[in-house]
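Report on one structure; see the data block that follows.
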Amino acid sequence: MTELFDVTGKVACVTGASSGLGRSAATFLASKGARVVGIARRAELLEAWRSETTGDTASLVADLSDRSAIESIATEASKPFGAPDILINAAGLNTREPADSVTAEGWDRTLTLNLSVPFFLAQALVGAMKEKGWGRIINFASLQSRRAFPNGISYGASKGGVEQMTRAMAEAWSSHGITSNALAPGFFKTELTGPVFDNPALSRQIAKQTCIGRNGEADDLNGPLLFLCSPASDYVTGQILFVDGGYTAK
Ligand SMILES: NC(=O)c1ccc[n+]([C@@H]2O[C@H](COP(=O)([O-])OP(=O)(O)OC[C@H]3O[C@@H](n4cnc5c(N)ncnc54)[C@H](OP(=O)(O)O)[C@@H]3O)[C@@H](O)[C@H]2O)c1
């Protein structure tokens with residue numbers, strides 16, 4: 001009988017494994033027996049992640065925002081343990097430029113890393129998933145997929161796009177056994193959300209807006225992530241799972 005929440009031996013490619021939620025996802029999946037390839041630019045942080053993580057891990061130092069390199073990054077990511085069964089698109093950035101002064105450079109950088117990279121990396125990896133008849137794509141959406149926040153126009157546009165891209169990926173690839181879903185975290189303390197958590201009044205105010213009454217802790221994402229990566233979610237695709245303490249329920 002299939003074990004519902006088993007990812008043992010699956011190969012997972014995790015972008016943004018040097019920091020925050022990507023690092024946490026990479027660590028957790030390795031602890032559950034997945035063989036994890038972590039991708040990011042900062043070699044020393046990837047090595048620190050590997051040395052602090054139990055299980056089979058490999059790292060790939062790469063700048064994902066170089067679109068022309070995506071194919072070769074996908075090839076390199078398939079070398080340590082074979083072609084990935086699971087893709088976790090966690091790398092992301094938020095420039096926080098006010099709408100009136102958004103620069104073309106900031107807009108392009110955001111849309112490239114947050115939206116284009118998840119698509120083209122998935123496109124480069126789905127061929128092998130199709131051959132296996134099984135695959136999992138997990139994108140990172142956001143409260144800003146559905147809500148407007150101050151200084152969030154490029155980030156929000158990218159995350160709104162991630163939500164729709166997740167459904168479109170599901171439409172394109174689910175019949176091959178490849179599901180596509182997104183986690184939409186509320187507020188979790190990471191490098192990305194430093195400006196929020198550096199402001200205690202603001203982070204308290206956001207916590208109060210949740211139903212549960214606190215902001216997220218990295219481990220809060222583990223259960224939803226395991227669900228979406230494992231056979232437990234075989235018939236779940238094209239969905240956005242908000243892990244936000246009920247922020248969007250109010
Ligand atoms: N934290 C939250 O509350 C929250 C809420 C909703 C959604 N999210 C989403 O969750 C995901 C993870 O965010 P986080 O909070 O964990 O952010 P984070 O701590 O800032 O991590 C971002 C990761 O992206 C990597 N990255 C950035 N630019 C890259 C590039 N050009 N090439 C390769 N890797 C790159 C960074 O690694 P290097 O700098 O080493 O390259 C880092 O590992 C993002 O998609 C974010 O939008 C986060």
Count of residues meeting criterion [among the polar types (S, T, N, Q) and in contact with a Leu (Cβ under 7 Å, 6 or more places away or on another chain)] in the stretch 73-94: 2
Matching option when the condition is of a type in the set (G, A, S) and over 15 Å from the mean Cα position of the chain (by Cα), among A40, A34, A91, A26: A34
Residues in the stretch 162-177 that are in contact (Cβ under 8 Å) with a residue 24 or more places away in the chain and either more than 14 Å from the chain's Cα centre (by Cα) or farther than 22 Å from I86 by Cα (or both): how many? 8
Report yes if Q205 is modelled with pLDDT of 95 or more, surrounded by fewer than 17 Cβ atoms within 10 Å (Cβ to Cβ) and either on the phi < 0 side of the Ramachandran plot or more than 9 Å from the ligand (Cβ to nearest atom) (or both), otherwise no. yes
Would you please list the contacts, defined by Cβ atoms under 6 Å and residues six or more apart or on different chains, that run from a residue in the stretch 181-198 that is more than 7 Å from the ligand (Cβ to nearest atom) to a residue that is among the hydroxyl-bearing types (S, T, Y) and part of a helix (DSSP H, G or I)? A182/T166; V196/S203; F197/S203
Flagged pairs (Cβ under 6 angstrom, 6 or more apart or on separate chains; first in the stretch 7-28, closer than 15 Å to L121 by Cβ; second small (G, A, S) and surrounded by fewer than 24 Cβ atoms within 10 Å (Cβ to Cβ)) are V11/G82
Where residues in the stretch 57-79 are more than 15 Å from the ligand (Cβ to nearest atom) and surrounded by 16 or more Cβ atoms within 10 Å (Cβ to Cβ), which of them is nearest to P195 (Cα to Cα)? A58
Filter the stretch 1-36 down to the residues that are within 13 Å of the ligand (Cβ to nearest atom), under 14 Å from S59 (Cβ atoms) and either crowded, with 24+ Cβ neighbours inside 10 Å or β-branched (V, I, T) (or both) and list them by number. C13, V14, T15, G16, A17, S18, G22, R23, A26, T27
Can you find, within the stretch 160-188, the residue that is farthest from R96 (Cα to Cα) among those that are in contact with a Phe, Trp or Tyr (Cβ under 8 Å, 6 or more places away or on another chain) and in a helix (DSSP H, G or I)? M169
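The values are calculated or read from the model by the stated rules, or taken from the named source; none is laboratory data. Predicted model only: the values in this text are computed from it and were never measured. Don't worry about glycine lacking a Cβ; one is built from the backbone with ideal geometry, like all the others, and counts go over all protein chains shown.
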